[in-house]
Amino acid sequence: MKEYDLTNTLFWVWDNLPFKQFVSPERRIYWPYLSLCFVYALIFIIFSKRNKLTDNHPKLWFSLSARVDYLAWLSNHFLQISVLPLIFASGLLLATKFYHWLTGTFGYCTLKIPLTSWGVVWYSIIFLVVSDFSRFILHYLVHHYPFLWKIHKMHHTAEVLTPFTLFRVHPLEMILFHIRYLLVYSLITGGFLFLYNDFFEFPKLFGASFFVFVSNILGANLRHSNIPIGFGFLERLLISPKQHQMHHSKDPDLQESNLGSLFALWDILFSTWKPSKGVENIQFGVNGHIKQSFGDEMINPFVEWWSDIKKVFKLKFTRK
């Protein structure tokens with residue numbers, strides 16, 4: 001019988017503590033990313049001549065809305081460390097299976113692809129574009145199908161935006177987005193394995209994936225904040241922090257806009273793109289939503305689904 005290794009268990013627990021995210025370059029809340037966004041915010045306040053940003057009052061960081069963010073971050077972290085290893089293991093397995101399906105269907109790739117050393121570059125770019133598009137599609141679906149909106153609504157009930165609002169996601173939605181990632185990873189990785197007969201990894205920069213690093217130093221944390229930075233004409237290329245803040249507005253028209261994560265192209269194609277110019281005094285949250293606890297936010301989708309089921313059956317028997 002294998003002996004229980006307490007030391008390895010303690011090391012695993014230590015490595016997976018939620019607060020380790022503050023020192024991981026791969027995480028959005030890595031302390032240099034947060035510090036840089038604080039600098040961006042100060043510069044914005046100075047140059048925009050805003051003497052007071054009431055929505056950033058320190059007390060709001062301890063509001064009921066913010067506390068739900070923190071609890072969601074902690075709870076989803078422990079779900080992630082148990083699910084993510086399975087996701088990545090499954091991704092490699094599915095990528096390999098997709099590779100075998102391609103070779104079984106088309107035979108081994110005999111193309112002499114030039115610039116093989118650029119494979120990692122093409123892999124990274126294609127993965128970024130396809131992943132961003134798939135994220136947009138899933139985000140579009142959770143907004144347009146009431147069944148899915150019931151779990152996504154938790155993210156929008158935040159009345160104060162902080163970098164931790166990123167993690168204010170119902171576990172069921174988090175699983176959906178991980179499945180999305182799994183499918184994208186499997187198809188892209190399996191396809192490149194077929195073409196290049198090699199596995200590729202994302203290029204690293206300062207210990208983080210290149211695109212993760214660039215996105216975060218460009219102020220990704222400001223998307224969930226009250227610092228309304230727009231990109232001007234560049235908003236037709238990239239979604240700005242202010243555009244994402246518009247998406248968190250109580251105004252239904254704004255709430256259905258700017259669903260993209262990185263590229264604005266998808267919103268333009270689906271007619272959900274709105275520029276940030278001229279939009280002021282955004283109020284965050286969902287109209288008619290009553291402030292609730294973390295537990296309420298977790299159970300609400302099930303309560304609402306059950307209510308819908310009862311209505312369907314009641315209607316069915318009433319018609320008879």
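The values are calculated or read from the model by the stated rules, or taken from the named source; none is laboratory data. In this text the structure is predicted, and so the values were computed from the model without any measurement. FYI the Cβ positions are ideal-geometry reconstructions off the backbone, even for glycines, and counts take in every protein chain you see. For accessibility, only protein heavy atoms count, side chains too; no ligands or nucleic acids. Shrake-Rupley method; radii C 1.70, N 1.55, O 1.52, S 1.80 Å.
Data for the structure
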{"item": "Boolean, K310 is under 29 Å from L172 (Cβ atoms), part of a helix (DSSP H, G or I), open to solvent by 70 Å² or more (accessible area, probe 1.4 Å) and at pLDDT below 90", "result": "yes"}
{"item": "Qualifying positions in the range 274-285 - open to solvent by 50 Å² or more (accessible area, probe 1.4 Å) and touching a helix residue (DSSP H, G or I) at 6+ places or on another chain (Cβ under 9 Å)", "result": "K274, P275, K277"}
{"item": "Check on N258, surrounded by 18 or more Cβ atoms within 10 Å (Cβ to Cβ), among the polar types (S, T, N, Q) and on the phi > 0 side of the Ramachandran plot", "result": "yes"}
{"item": "Matching residues, the range 251-289, being closer than 16 Å to L234 by Cα and part of a strand (DSSP E or B)", "result": "F263"}
{"item": "Any hit, the range 48-58, residues being at pLDDT 80 or above, exposed (fewer than 13 other Cβ atoms within 10 Å of the Cβ) and within 25 Å of A220 (Cα to Cα)", "result": "no"}
{"item": "The listed residue being of a type in the set (V, I, T), in contact with a helix residue (DSSP H, G or I) (Cβ under 9 Å, 6 or more places away or on another chain) and without any contact (Cβ under 8 Å) to a residue 40 or more places away in the chain, out of I217, I239", "result": "I239"}
{"item": "Members of the range 211-244 that are in contact with a Lys or Arg (Cβ under 6 Å, 6 or more places away or on another chain) and of a type in the set (K, R)", "result": "none"}
{"item": "Tally of residues being acidic (D, E) and either modelled with pLDDT under 90 or more than 24 Å from the chain's Cα centre (by Cα) (or both) across the range 262-295", "result": "1"}
{"item": "Condition met for S75 (open to solvent by 40 Å² or more (accessible area, probe 1.4 Å), on the phi < 0 side of the Ramachandran plot and modelled with pLDDT under 85)", "result": "no"}
